[in-house]
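The numbers here are math on the coordinates, done by the rules we state, and not lab data. Just so it is clear, the model here is predicted, and its values are computed rather than measured. Neighbour counts are summed over all protein chains in view; Cβ atoms, including those assigned to glycine, are modelled from backbone coordinates with ideal geometry.
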Amino acid sequence: ILVGKTRSGNAFVLDAEDFDGGLTVITGKKGTGKSHLSKLILKDLVGYGAPCLVFDVNGEYGASGIGDGKRIVTLVPGDNFKVTLDYVGLDVFLGLMEQTMSLPSNSGWELRRIWEPLQAKGSVTIRGIRNQIFSSRINEYVKDALVRRLDALEGSGLFADLPNEHTAF
């Protein structure tokens, strides 16, 4: 993969096979060309037929012109990309709630307590969690903290209640 030229004018290339079977993370300061480099690499890898998965949180890749329109699929949360809570799992869901949505840890413990019996029944859904919250003896502040965050997640459309709505990879 031709990336560019060195200061001495020689071609700077990467072996596409070095990307096979691994996770590639590109880091650097703002404005140093991380996005440009990743698009160069992605374009060539897709050209070679390599399967690639990009979490495009800034919407940079959808309109980048990479690929032929058949091998690149843009997944939009709540539209053509949904996951079940069962698929995500308790630890990831708690991480989302506590770290991203600032759920207090005592509310996280209540969520864990609610999740486990629902999982045993095979019915971990936002609706199921909400129903358990309202039917349980939980502190009103904890109840409110959980419900507000569940409402926000439900509004995102990212989480599917039924397994057949789940996006398979």
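Determine which residues of the range 75-103 fall in the zone a paramagnetic label at residue 116 would reach in this model, i.e. backbone nitrogen under 15 Å from the point 7 Å along Cα→Cβ. Taking a point 7 Å out along Cα→Cβ of residue 116, the residues of the range 75-103 whose backbone N falls under 15 Å are 90-91. The calculated 222 nm mean residue ellipticity attributable to helices in the chain amounts to -12500 deg cm²/dmol, summing -39500 (n - 2.57) over DSSP H runs of n ≥ 4 and dividing by all residues. The aspartates and glutamates whose alpha-carbon is closer than 20 Å to the alpha-carbon of residue 30, local same-chain residues fewer than 8 away aside, are 56, 60. In summary, the lysines within cross-link reach of residue 143, defined as a Cα separation below 23 angstrom excluding same-chain residues under 8 places away, comprise 121.
In percent, rounded to a whole number, the relative contact order of the chain is 22, using alpha-carbon pairs under 8 Å and six or more apart. When the trypsin sites (Lys or Arg not before Pro) in the range 80-147 are filtered for DSSP coil states and for at most 11 other beta-carbon atoms within 10 Å of their beta-carbon, the remaining sites are 137. Take 44-53, 85-94 and order them by the average number of nearby Cβ atoms within 10 Å per residue, most first; the result is 85-94, 44-53. Under a cut-off of 19 Å between alpha-carbon atoms, report the lysines in cross-link reach of residue 34, not counting same-chain residues fewer than 8 places apart. Leaving aside lysines fewer than 8 places away in the same chain, those within reach of residue 34 are 5, 43.
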